[in-house]
Amino acid sequence: MRLLLIEDDDRIAQPLAEGLGRYGFTVDRVRTGAAGLTADSSPDLVLLDLGLPDMDGLDVCRSLRARSPIPIIMITARGEEADRVAGLELGADDYMAKPFGVRELVARIRAVTRRTGALPAGPQGPDAPAMVPSAPAPQQLGPLRIDRRTRQVHVVGLEVALSPREFDLLAFLAQDPGAVHSRQQIMDAVWDPHFFGPTKTLDAHVAALRRKLGEPGWITTARGVGFRLTVPGEPSAEAVR
């Protein structure tokens, strides 16, 4: 699996690339945001630092997401909630605050590739993510249409641009419309049973989905439990208390 590492600090980039290499990853490293946006390589996933010398990593994330669904994991010293939310809103699939271990990063990479289906061709080995099964026919819920084969979402016929993680979250909730899924069930299914991070990550993605779908009522909160997908205007099986 080929990774693009956008990191200017040699003290971080060199040991990180070496460590990832021991896990079988090929790492192409650039030092600036501009170089990352013009890189000739075709990576399977991008590791993006926010504190770059030429431009803010958030702008790099925005540009990458505007032209490609490639998975993006942010690696940064910025650990504030506002920075995490901003990164996730712009389309990042995960966010890791420095310092962190290589084993944790590898777990995150594998979790992201499992959920997005961004797997390289060829044999994967015993520890590699399982291949994604064939997708069913498009699902229609009122004005919402979810096509798991093409990973496209339309509302009233208009395509909605979602990040890979946002799509996975919506698709998971849509598997059983109206059913309440606990926060832990969602994190295990959409992220990973071994996800290392704050549960605020889930709240940020739910907020982004509500905004992008154009109606907060698509995803309702079951207080103290989790979330459910509903069609706005249609009666639910039970009231959300």
To the nearest 0.05, what FRET efficiency results for ASP40 and ALA66 with a Förster distance of 22 Å applied to their C-beta separation?
0.70
Non-local residues with an amide H under 5 Å from the amide H of ILE219, with H modelled 1.01 Å from N and Pro and chain starts lacking one, are THR230
Can you order the peptides 89-99, 215-225 by their average number of other Cβ atoms within 10 Å per residue, highest first?
89-99, 215-225
At a probe radius of 1.4 Å, what is the per-residue accessible area of ASP168, in Å² to the nearest 10?
20 Å²
Extended-chain gain in nm, criterion 0.36 nm per residue less alpha-carbon gap, VAL156 and LYS98
16.7 nm
Kindly sort PHE227, PHE172 by accessible area of their heavy atoms, largest first, with the probe set to 1.4 Å.
PHE172, PHE227
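The values are calculated or read from the model by the stated rules, or taken from the named source; none is laboratory data. Worth saying up front: this structure is predicted, and the values here are computed from it rather than measured. Here Cβ is always computed from backbone atoms with ideal geometry, including for glycine, and neighbour counts include all displayed protein chains. These area figures cover heavy atoms from the full protein model, side chains too; ligands, DNA and RNA do not enter into them. Shrake-Rupley method; radii C 1.70, N 1.55, O 1.52, S 1.80 Å.
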